[in-house]
Amino acid sequence: MGRDRRNRPPGRRTRPAETRTRRSWYGYGKLATVEKSRFGCFLHDVTSIFGEVSILGLPALLLVAMTDPASGAVVTGAALVAWIVMVIVGALVRGGWIRPLGTETLGWVTLSAALIGLRLGYYNAVLLLGGYGGALLGTVLGTTWIAPVAAAAIGAGAMLAFPALGERVARARRQ
């Protein structure tokens, strides 16, 4: 079924992509591993990635919300689109429904200290690039509708590339 931990690439968590079991918490410190439907697995993966991106990307989301001009919400809207797309694509990668770029291994990235630090910088940079970069592109092209489209592309590409980056960082730290 799942790969032995010793054979798994460093920095990668492959179990959610290989099985339909997920860890659940029943309160009062009781954890259990339960088998879920495909939809249940997707919802579990969405909540996991949503928490990860939202908490670690909060500085960028707050900065965008505080600095976007009150007259227009182009930057904020683009950043929110990038945020939503990052969560959806990240959940699809975590669950093994789509293969990340630059690696043959399905699944997401482990929660080691170094990779949490990487996530903190990476998610904030992607959200800022999605918000301000999308708005800049819309301004240059003279149309605001391009901002959320560009932000969606930036968010999707970033989440597809992140597992390979995390794997490389974990491998470098191991040597």
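Mind listing just one residue for me: the one in segment 126-145 that is in contact with a helix residue (DSSP H, G or I) (Cβ under 6 Å, 6 or more places away or on another chain) and open to solvent by less than 30 Å² (accessible area, probe 1.4 Å) and, of those, nearest to ALA60 (Cα to Cα)?
Applying the filter and picking the extreme gives LEU127.
If ALA156 satisfies every condition in (1) surrounded by fewer than 21 Cβ atoms within 10 Å (Cβ to Cβ); (2) farther than 26 Å from LEU43 by Cα but one, which is the exception?
Looking at each condition in turn, ALA156 falls short on (2).
Search segment 33-67 for residues being in contact with a Gly (Cβ under 9 Å, 6 or more places away or on another chain) and open to solvent by 80 Å² or more (accessible area, probe 1.4 Å), and hand back the single one that is modelled with the highest pLDDT.
In this case the residue turns out to be PHE50.
Would you pick out the residues in segment 68-86 that are open to solvent by 40 Å² or more (accessible area, probe 1.4 Å) and not hydrophobic (A, V, I, L, M, F, W, C)?
PRO69, SER71
Quick one: in segment 97-125, of everything that is open to solvent by less than 60 Å² (accessible area, probe 1.4 Å), farther than 18 Å from ILE154 by Cβ and of a type in the set (Gly, Ala, Ser), which residue is nearest to the chain's Cα centre (by Cα)?
GLY107
The values are calculated or read from the model by the stated rules, or taken from the named source; none is laboratory data. It should be emphasised that the depicted structure is a prediction, and the values quoted were computed from it without experimental measurement. Cβ atoms come from the backbone with ideal geometry, glycine included; neighbour counts cover every protein chain shown. Calculation scope for accessible area: heavy atoms of the full protein, side chains included, ligands and nucleic acids excluded. Shrake-Rupley method; radii C 1.70, N 1.55, O 1.52, S 1.80 Å.
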